[in-house]
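Since the structure comes first, as structure tokens, the remarks are kept for the end.
The values are calculated or read from the model by the stated rules, or taken from the named source; none is laboratory data. Values in this document were obtained by computation on a predicted structure and should not be read as measured data. Reconstructed Cβ throughout: ideal geometry from the backbone, glycine too, with neighbour counts over all protein chains shown.
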Amino acid sequence: MNRAEKAALQLRAVDVLQMLKETRTYDELAEVTGLPAGDLNRYVNGHVLPSAERAREVVSGVGHEALGDELEARIEVDDEGYVDNSAAVFDQAFLDLVAPVAADAYEFERPDAVLTAATDGITLAAAMASYFGARCVYAKKSKETAVEEFVEARQRLQSGIELTYYLPASSLSAGDTVLVVDDLIRSGETQELLLDIADHAGATVGGVFALIAVGDEGTERAAALTDAPVGALVDVEP
Ligand SMILES: Nc1ncnc2[nH]cnc12
């Protein structure tokens, strides 16, 4: 880890601690993290940075579980199992915290591009792309005007409707590593489309990530299509 990476890790840990502190006292934060309340006060207020070792523990240990809890508190599931995740996907600051924690938890390879489908996955993709210093690219259900060449993938959905997604061909190059993300994974149909697009572009898949997995059909389907890690921050019963 070079100095810049160390500083980035320390600042990420401070972000996670500040998020946790919003709903906790310092004593409660000490209990969650196992760190002394006085030290936590100095980290949260930005007077002192945690050591790299402490920062790593916060980001990978506490961060993962706490962000999962925070996400669960932000989503509403209706009687038919449909999820309203607006409070998560509309909050870029929250997603900025998710990115390093997800990257760490699933050991995703650093991608050249983060690929999603318009529209709900875009804010998460932007956060992941920013964290990795990668491009954020998204496929759409319509062809963007003035773009000449597209990579496309078509699929017949369970409903019988055929859906085609288009990605400007210039946005992915052969040999790129791509992280496929979306806000939610349920049937895995969208992920299959995105994996197809990556394949048509000659890109290598470095991982598949969603904020929320509704049941395990989608993650199992994605895992059958790639050797790369597949993960979701929280699981919701279908
Ligand atoms: N919001 C949502 N909740 C549950 N399943 C879905 N499949 C697609 N969108 C969904």
> Going through region 179-223 one residue at a time, which ones are within 13 Å of residue 139 (Cα to Cα) and of a type in the set (A, V, I, L, M)?
Replying inline: 180, 181, 193, 194, 195, 197, 198, 201
> So which of 207, 215, 175, 188 is out of contact with any strand residue (DSSP E or B) (no Cβ under 6 Å at 6 or more places or on another chain) and away from the ligand (no atom under 16 Å from the Cβ)?
Replying inline: 175
> If we only count helices (runs of 4 or more DSSP H) wholly inside region 1-75, which ones have 3 or more residues that are over 18 Å from residue 105 (Cα atoms)?
Replying inline: 3-21, 26-33, 37-44
> Just wondering, is there one or more residues in region 214-228 that are in contact (Cβ under 8 Å) with a residue 60 or more places away in the chain, surrounded by fewer than 24 Cβ atoms within 10 Å (Cβ to Cβ) and farther than 19 Å from residue 109 by Cα?
Replying inline: yes
> Could you say which residue among 62, 98 is surrounded by 18 or more Cβ atoms within 10 Å (Cβ to Cβ) and not assigned by the TED database to the domain that holds residue 213?
Replying inline: 62
> Taking region 121-135 as the region of interest, how many residues are in contact with a helix residue (DSSP H, G or I) (Cβ under 6 Å, 6 or more places away or on another chain) and surrounded by 22 or more Cβ atoms within 10 Å (Cβ to Cβ)?
Replying inline: 3
> Would you say residue 68 is away from the ligand (no atom under 16 Å from the Cβ), outside the structural domain of residue 199 (by the TED database) and in contact (Cβ under 8 Å) with a residue 60 or more places away in the chain?
Replying inline: yes
> Which is touching a Phe, Trp or Tyr at 6+ places or on another chain (Cβ under 6 Å) and of a type in the set (Gly, Ala, Ser), of 174, 125, 118, 146?
Replying inline: 118
>> Filter region 175-191 down to the residues that are in a strand (DSSP E or B) and surrounded by 20 or more Cβ atoms within 10 Å (Cβ to Cβ) and list them by number.
In response: 178, 179, 180, 181, 182, 183, 184, 185
> Among the residues of region 221-228, is there at least one that is assigned to a helix (DSSP H, G or I), within 16 Å of the ligand (Cβ to nearest atom) and modelled with pLDDT of 95 or more?
Replying inline: yes
> Looking only at region 83-140, which residues are part of a helix (DSSP H, G or I), within 16 Å of the ligand (Cβ to nearest atom) and aliphatic (A, V, I, L, M)?
Replying inline: 87, 88, 89, 122, 124
>> Please verify whether residue 194 is part of a strand (DSSP E or B), in contact (Cβ under 8 Å) with a residue 40 or more places away in the chain and either within 15 Å of the ligand (Cβ to nearest atom) or in contact with a Lys or Arg (Cβ under 6 Å, 6 or more places away or on another chain) (or both), treating the condition exactly as stated.
In response: no
